[in-house]
Amino acid sequence: MPNPKRRHSQQRSAKRRTHYKAAIATLSTDSTTGELHVRHRAHVSEGKLFYKGKLVAEKAPIKK
């Protein structure tokens with residue numbers, strides 16, 4: 001397996017890592033409830049589960 005002959009400098013590694021940044025989650029407003037939620041995810045509002053503005057379940061799933 002090929003290995004580098006000489007050690008890479010810290011500056012070289014830092015230059016490569018500059019492009020890895022945390023992205024802000026995209027939020028949307030639900031058309032039915034008017035609440036902010038993460039896009040493409042179901043969300044709970046007043047004990048009901050909504051997805052794409054439609055009611056999916058009357059009761060939210062119970063977490064154990």
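Here are the numbers for this structure:
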| read-out | value |
| --- | --- |
| At R0 = 25 Å, FRET efficiency that the Cβ-Cβ distance of Lys63 and Ile24 yields, to 0.05 | 0.45 |
| In the chain, lysine pairs closer than 25 Å at Cα, eight or more apart or cross-chain | 6 |
| Chymotrypsin sites (Phe, Trp or Tyr not before Pro) restricted to DSSP loop in the chain with at most 15 other C-beta within 10 Å | Tyr20 |
| The chain, dipole about Cα centre (Lys/Arg Cβ +1, Asp/Glu Cβ -1), debye to the nearest 20 | 940 |
| Cα pair distances of the chain binned at 5 Å [whole percent] | 3, 14, 16, 12, 8, 6, 6, 6, 7, 8, 8, 5, 1 |
| Area of Thr26 that stays accessible when all protein chains are in place (1.4 Å probe, Å², to 10) | 80 |
| Positive dipole terminus of the chain, leading residue within Leu27, His37, Ala14 (C-beta point charges) | Ala14 |
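The values are calculated or read from the model by the stated rules, or taken from the named source; none is laboratory data. Remember, it's a predicted structure, so these values are computed and weren't measured experimentally. Reconstructed Cβ throughout: ideal geometry from the backbone, glycine too, with neighbour counts over all protein chains shown. Heads up: the accessible areas ignore ligands, DNA and RNA and are worked out on the full protein's heavy atoms, side chains in. Shrake-Rupley method; radii C 1.70, N 1.55, O 1.52, S 1.80 Å.
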